[in-house]
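To keep things clear, I will list the structure first and then write my remarks on it.
The values are calculated or read from the model by the stated rules, or taken from the named source; none is laboratory data. As the structure is a prediction and not an experimental result, all values here were calculated from the model. Note: ideal-geometry Cβ built from the backbone for every residue, glycine included; neighbour counts use all protein chains shown. Note: areas computed on protein heavy atoms with side chains; ligands, DNA, RNA excluded. Shrake-Rupley method; radii C 1.70, N 1.55, O 1.52, S 1.80 Å.
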Amino acid sequence: MPMDYNGVRIDDGSERTDNVNDYKITCMDFIKEISHDYEAWVDYYKLPEDEDKIRRNGIRSTIERTNDWIAKVAQTIKAVDVVMNDGIQKMAESTAGKPLEFGVFVNGKSSYTMAKPGIIDVNVKSSGRQGRKTKLGFHFKDDRFRIESTCGAFLDETDLPTKDFDLMDIHLKLHAENAKQRDVISFTVTVSEMENDVEFERRGLTTIIHIV
């Protein structure tokens with residue numbers, strides 16, 4: 001199931017051109033093209049009509065928002081990569097579905113938001129189904145978070161809560177002290193749904209921040 005996405009899809013794209021506008025067009029076309037792969041996964045799942053529609057709408061809205069950010073927010077080839085990879089990650093999450101009550105908020109907004117340089121507060125909320133608990137999970141093997149930015153941003157991993165919560169409502173610190181206006185940061189927080197100390201389900205949510 002394509003829940004997670006790791007790595008840059010156009011690995012050496014930034015080596016092929018130094019014209020940001022040309023690269024934007026290439027990546028916007030790529031976002032549209034790869035969306036068909038994710039919709040094919042939705043076809044494969046043969047979901048109930050309502051759930052099928054939710055997942056397809058998630059993929060299609062991500063195309064629009066991602067390409068809007070590529071066109072209007074990204075100012076460098078690196079920024080275009082960050083925004084493009086954010087969109088691919090979000091399409092993967094929409095394709096996999098979002099069964100958990102789970103939200104990630106920066107300045108009260110989710111998915112696409114803005115913040116000033118400095119230490120940015122990230123509020124993570126979640127709850128399990130049918131009496132299950134949730135806890136902060138791992139994006140990939142030993143990597144707690146996925147993060148990509150134009151400014152060397154990182155999520156503070158000291159003193160992270162590791163317990164299970166009936167209702168999770170925690171705050172993470174995103175360090176972006178070196179950020180400048182027009183920088184972009186994309187990160188993914190993963191939550192695990194637990195039952196009898198065993199991971200029952202796992203989902204990630206990806207957020208992109210425009211530094212203003």
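Selection over segment 175-212 of residues that are open to solvent by 80 Å² or more (accessible area, probe 1.4 Å) and in a loop (DSSP other than H, G, I, E, B) gives a count of 7.
Looking at this structure, is GLU148 touching a Gly at 6+ places or on another chain (Cβ under 7 Å) and of a type in the set (Asp, Glu)? Considered against the rule, which asks whether it is touching a Gly at 6+ places or on another chain (Cβ under 7 Å) and of a type in the set (Asp, Glu), GLU148 comes out as no.
Listed by first and then second residue, the pairs with beta-carbon distance under 7 Å, at least 6 apart or on different chains, first residue in segment 130-155 and not assigned by the TED database to the domain that holds ASP166, second surrounded by 20 or more Cβ atoms within 10 Å (Cβ to Cβ) and not in a loop (DSSP other than H, G, I, E, B), form an empty list. Taking the residues in segment 161-200 that are out of contact with any Lys or Arg (no Cβ under 7 Å at 6 or more places or on another chain) and among the acidic types (Asp, Glu) as candidates, determine which candidate is modelled with the lowest pLDDT. Among those residues, the one meeting the criterion is ASP197.
The set of residues in segment 150-174 being part of a strand (DSSP E or B) and either touching a Ser or Thr at 6+ places or on another chain (Cβ under 7 Å) or open to solvent by 30 Å² or more (accessible area, probe 1.4 Å) (or both) consists of PHE154, PHE165, LEU167, MET168, ASP169, HIS171, LYS173. If you go through segment 107-114 one residue at a time, do you hit one that is open to solvent by less than 40 Å² (accessible area, probe 1.4 Å) and in a loop (DSSP other than H, G, I, E, B)? So far as segment 107-114 goes, no, none of its residues is open to solvent by less than 40 Å² (accessible area, probe 1.4 Å) and in a loop (DSSP other than H, G, I, E, B).
Residues that are touching a residue at least 24 places away in the same chain (Cβ under 8 Å) and of a type in the set (Lys, Arg) within segment 57-105 comprise ARG60, ARG65, LYS78, LYS90, LYS98, listed in sequence order.
Residue by residue, here is whether (1) among the acidic types (Asp, Glu); (2) open to solvent by less than 50 Å² (accessible area, probe 1.4 Å); (3) at pLDDT 95 or above; (4) more than 19 Å from the chain's Cα centre (by Cα) holds:
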site	(1), (2), (3), (4)
LYS24	no, yes, yes, yes
LYS32	no, no, yes, no
LEU47	no, yes, yes, yes
ILE88	no, yes, yes, no
MET91	no, yes, yes, no
SER94	no, yes, yes, no
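Evaluating LYS98 against the criteria (1) surrounded by 23 or more Cβ atoms within 10 Å (Cβ to Cβ); (2) part of a loop (DSSP other than H, G, I, E, B) leaves one unmet condition, (1).
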